[in-house]
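All remarks here apply to the structure that follows.
The values are calculated or read from the model by the stated rules, or taken from the named source; none is laboratory data. Worth saying up front: this structure is predicted, and the values here are computed from it rather than measured. Positions of Cβ are backbone-derived with ideal geometry, glycine not excepted, and every protein chain shown enters the neighbour counts.
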Amino acid sequence: MRLLRSTDLALRVLMRLAVAGDSNPTTREVSTAMDVPYTHAAKVVAELQHRGLLTARRGRGGGLALTEKGRTASVGAVVRAFEGEGDVVDCEGTATSAPCPLSSACRLRGALRGAQEAFFASLDPVTVADIVAAPTGPLLLGISPRP
Ligand code: SF4
């Protein structure tokens with residue numbers, strides 16, 4: 001299973017902010033540090049702000065900050081939120097492809113759903129704070145431009 005780019009970017013932003021302390025980096029600083037395009041980072045930041053995982057203040061003295069909800073957020077919950085919980089295979093077809101002929105009675109479909117849920121569930125107990133423990137946290141600080 002391959003994650004959407006936006007899911008990975010969301011986790012990168014959360015990780016960077018989890019080690020930021022009181023420095024409140026800007027979206028541009030985070031995007032530069034985490035090597036992601038600014039426009040992608042800005043969209044992800046807006047979504048994370050909407051979910052209450054970070055705050056974003058404009059202007060002098062502003063910047064991004066992880067909320068307590070963001071620090072304790074489950075990685076599984078973040079991944080579910082950005083990935084959605086649709087089928088990993090497009091059984092019902094798209095505007096340009098017909099539904100799979102087995103879609104109404106397919107055991108593989110159920111097995112894949114189970115595997116997808118197991119994947120998410122394995123990430124549920126892991127928090128954002130957990131994934132910036134050493135050696136990741138010190139590395140994140142080392143690669144980030146100082147504000
Ligand atoms: S074989 Fe089953 S899982 Fe695969 S596309 Fe068809 S309905 Fe979906």
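Here is a list: GLY52, GLY59, GLY76. Which entry is of a type outside the set (Ser, Thr, Tyr) and surrounded by 13 or more Cβ atoms within 10 Å (Cβ to Cβ)? Even if it seems obvious, please write down each step before you answer.
Details: GLY52 fails: surrounded by 13 or more Cβ atoms within 10 Å (Cβ to Cβ); GLY59 fails: surrounded by 13 or more Cβ atoms within 10 Å (Cβ to Cβ).
Within the list GLY52, GLY59, GLY76, the selection yields GLY76.
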Consider CYS100 against the criteria (1) under 20 Å from VAL132 (Cβ atoms); (2) of a type outside the set (A, V, I, L, M); (3) within 16 Å of the ligand (Cβ to nearest atom): it satisfies all of them except one. Which criterion is unmet?
(1)
Subset of the range 5-26, residues more than 13 Å from the chain's Cα centre (by Cα) and either surrounded by fewer than 16 Cβ atoms within 10 Å (Cβ to Cβ) or more than 30 Å from PHE119 (Cα to Cα) (or both), comes to GLY21, ASP22, SER23, ASN24, PRO25, THR26
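Could you tell me whether SER74 is in contact with a His (Cβ under 8 Å, 6 or more places away or on another chain), of a type outside the set (A, V, I, L, M) and touching a residue at least 24 places away in the same chain (Cβ under 8 Å)? Quick ask: steps written out before the conclusion?
Numbers: in contact with a His (Cβ under 8 Å, 6 or more places away or on another chain): no; of a type outside the set (A, V, I, L, M): yes; touching a residue at least 24 places away in the same chain (Cβ under 8 Å): yes.
No.
Can you go through ARG80, ARG2 and tell me which one is away from the ligand (no atom under 16 Å from the Cβ), under 19 Å from the mean Cα position of the chain (by Cα) and not in a loop (DSSP other than H, G, I, E, B)? Let's see the steps before the verdict.
Values: ARG2 fails: not in a loop (DSSP other than H, G, I, E, B).
Of the residues listed, the single one that is away from the ligand (no atom under 16 Å from the Cβ), under 19 Å from the mean Cα position of the chain (by Cα) and not in a loop (DSSP other than H, G, I, E, B) is ARG80.
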Tally, over the range 92-145, of residues that are in a loop (DSSP other than H, G, I, E, B), closer than 25 Å to LYS69 by Cα and among the charged types (D, E, K, R):
1
Pull out all pairs, ordered by first then second residue, where Cβ-Cβ is under 6 Å, the residues are six or more apart or on different chains, the first lies in the range 96-123 and is within 24 Å of THR7 (Cβ to Cβ) and charged (D, E, K, R), and the second is assigned to a loop (DSSP other than H, G, I, E, B) and at pLDDT below 95.
ARG109/CYS91
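Can LEU66 be described as of a type outside the set (S, T, N, Q) and farther than 23 Å from PRO138 by Cβ?
On the way: of a type outside the set (S, T, N, Q): yes; farther than 23 Å from PRO138 by Cβ: no.
Criteria not met by LEU66.
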Identify, from the list GLY59, GLY93, GLY63, the residue that is at pLDDT below 95, more than 15 Å from the ligand (Cβ to nearest atom) and in contact with a Pro (Cβ under 7 Å, 6 or more places away or on another chain).
GLY63
Pairing a residue in the range 45-70 that is closer than 15 Å to ARG12 by Cα and free of Cβ contacts under 8 Å to residues at least 24 places away in the same chain with any residue that is surrounded by 12 or more Cβ atoms within 10 Å (Cβ to Cβ) and polar (S, T, N, Q), where Cβ atoms lie under 9 Å and the two sit 6 or more apart in sequence or on different chains, gives GLN49/THR55
